[in-house]
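Heads up, the thing below is written out as structure tokens.
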């Protein structure tokens with residue numbers, strides 16, 4: 001699945017993706033709603049099963065006046081609702097002919113669910129409570145007696161003396177309607193926040209079409225006047241500026257020129273290409289780095305300098321006002337979160353999270369003009385273990401560790417955990433998010449993509465469009481231990497075959513982890529893709545066991561914890577059960593942990609080494625090659641257990657029978673598949689000391705000659721006494737479930 005980083009910016013109204021082409025309000029019913037109401041009074045969002053609510057476009061009116069309706073505006077399934085004002089279009093005879101277009105909302109970043117309620121209390125307070133009676137918005141007024149919706153679409157709060165004490169016109173979101181003006185302290189703000197995303201204006205100061213009903217500041221930076229042109233609202237640009245003045249007109253790292261979009265070019269080195277278009281037929285989608293930045297190889301990094309351009313960074317923060325250019329470069333090289341920097345009149349600014357670039361033909365609104373920016377690039381191939389299998393650049397990994405973080409990361413994280421996470425992480429470490437921020441990112445946790453024993457996983461989108469998976473841990477005790485283990489482990493390391501921890505939230509009783517979203521699931525895969533996935537897993541585990549300052553034992557290797565990006569690069573994920581041990585330690589005594597079916601026999605003694613991961617890896621390899629789970633209850637007798645079936649087929653000399661029968665491509669490569677099964681068998685020996693290290697497995701896979709010479713005598717020499725029995729008999733109640 002390809003990810004369009006701009007897709008999140010195309011929604012003009014929040015959480016209205018399923019609105020169909022015509023509003024089905026009965027006109028008489030619309031007229032029945034008043035334009036004002038006296039308090040005290042309350043309104044509750046009805047359940048989504050309410051027929052009339054669904055049929056009325058997910059809009060529950062409270063006040064109606066002319067072409068404006070004020071009330072609850074919900075997604076079609078009723079799970080995400082705004083208290084909002086919308087405008088609709090009518091025909092010459094007064095019949096409604098359009099869907100409502102939201103022009104103001106109270107709780108734009110904090111949608112609520114059914115059973116939430118709006119209250120005008122007896123003491124004059126006007127507020128919105130979610131389904132759990134928690135306030136998500138209020139007008140900060142305690143002297144309200146009446147709500148009134150004007151014919152211009154202005155929601156007004158009046159006191160007992162009928163004086164106006166609050167109005168929505170003074171608190172705009174991203175739109176203006178006819179007759180509405182803005183004061184300096186109340187700018188328009190786009191639906192998804194971007195740098196330079198505010199503007200102050202007055203409806204009428206532009207060449208607005210006479211039939212326009214509202215203007216709106218889009219999250220792409222365009223200010224448009226909208227008029228109804230059957231069957232939809234159509235917008236006309238109002239700002240007389242060139243296209244390159246809009247942020248991210250050419251996507252992330254795209255360079256906007258008069259003749260079109262391109263990628264950054266190094267004018268100082270002949271033949272060096274650091275960036276290429278994500279899609280050559282759609283250059284406005286942005287660019288990717290040919291060699292992704294690796295914190296492990298900062299010695300091979302340099303900077304591409306661009307002069308005479310405007311720069312729109314997602315994040316820009318001042319490092320120093322006295323550093324020299326040389327010192328700025330050194331600071332940025334040693335900080336993994338620094339993707340570029342600007343040096344302006346002795347001040348050093350770090351840029352991160354994305355960068356939009358435009359040639360300085362004119363002075364655009366809110367840009368940094370005529371400055372030089374230095375974009376960090378990988379000037380030579382990064383280490384073999386982390387770049388060997390980079391096949392396509394659409395997936396841009398989120399860099400979460402740094403050289404400094406790799407040395408001190410674990411100690412810093414432990415210290416912050418002891419202090420209750422009262423301070424943010426150092427530069428280069430994962431971002432600390434608030435709970436409200438993650439509610440906004442995930443649209444109030446509305447798109448669940450997975451669940452397991454420790455909680456749920458939701459899809460989300462960070463500005464300016466990067467997709468993430470947010471794991472919301474539920475519970476106490478073991479959950480807190482899992483959270484600490486995850487942040488301690490993955491938060492301080494970086495490897496191409498390990499999932500990147502973007503950030504975390506530790507707020508009150510909420511524990512959330514934010515990862516780079518992996519787009520592909522376990523669809524039918526060709527042999528070469530399966531082989532690549534197996535090698536990627538092996539490289540990730542080899543790095544954990546031998547490439548870190550501390551040895552990291554994952555302890556929960558299983559298919560559910562192997563994620564694939566859009567290029568089928570495999571990433572080892574979920575470090576909630578992992579164990580960190582010193583380099584001088586060969587084994588550790590620990591309580592039983594893991595998932596039934598993937599656990600090594602030595603768990604009976606609770607004396608564990610990294611070879612426990614090797615055993616679990618062997619099972620996963622067999623599952624990938626055979627195209628079936630380790631325990632398949634649809635099979636009869638011993639065939640239910642893959643390891644026992646594998647042993648029997650090996651003794652009968654019929655391993656070819658185990659090659660995935662559902663894939664013609666696997667069958668046509670069956671001989672090579674069986675050779676890889678032999679390596680899996682080596683990993684599955686009863687005695688952990690006889691299993692290979694993961695680095696040896698990687699070397700074995702990369703040398704097909706060695707694999708092909710693992711003959712039947714090799715298999716017959718393996719110890720099989722407990723294989724296929726212990727791992728499937730452990731009670732799941734004390735172990736990790738699917739997560």
Take the residues of segment 121-145 that are surrounded by fewer than 17 Cβ atoms within 10 Å (Cβ to Cβ) and not in a loop (DSSP other than H, G, I, E, B): which is modelled with the lowest pLDDT?
135
Examine segment 612-635 for a residue that is under 21 Å from residue 484 (Cα atoms) and touching a helix residue (DSSP H, G or I) at 6+ places or on another chain (Cβ under 7 Å), and state whether such a residue exists.
yes
Determine, yes or no, whether residue 699 is surrounded by fewer than 18 Cβ atoms within 10 Å (Cβ to Cβ) and assigned to a helix (DSSP H, G or I).
yes
Among what's in segment 428-472 and is modelled with pLDDT under 80 and more than 26 Å from residue 247 (Cα to Cα), pick the residue that is farthest from the chain's Cα centre (by Cα).
453
If I ask for residues that are over 37 Å from the mean Cα position of the chain (by Cα) and either part of a loop (DSSP other than H, G, I, E, B) or crowded, with 21+ Cβ neighbours inside 10 Å (or both), which ones from segment 656-677 would you list?
658
Just one listed residue, out of 266, 220, is assigned by TED's automatic domain parsing to the domain that holds residue 104, closer than 23 Å to residue 339 by Cα, in a loop (DSSP other than H, G, I, E, B) and touching a residue at least 12 places away in the same chain (Cβ under 8 Å), and it is 220
Check on residue 188, over 36 Å from the mean Cα position of the chain (by Cα) and in the same structural domain as residue 122 (by TED's automatic domain parsing):
no
Subset tally (residues that are under 24 Å from residue 221 (Cβ atoms) and without any contact (Cβ under 8 Å) to a residue 24 or more places away in the chain) for segment 282-313:
1
For segment 554-623, which strands (runs of 3 or more DSSP E) that fit wholly inside it have 3 or more residues that are in contact (Cβ under 8 Å) with a residue 12 or more places away in the chain and farther than 17 Å from residue 697 by Cα?
562-564, 579-581
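The values are calculated or read from the model by the stated rules, or taken from the named source; none is laboratory data. In this text the structure is predicted, and so the values were computed from the model without any measurement. Positions of Cβ are generated from backbone atoms using ideal geometry, with glycine treated the same way; all protein chains shown enter the neighbour counts.
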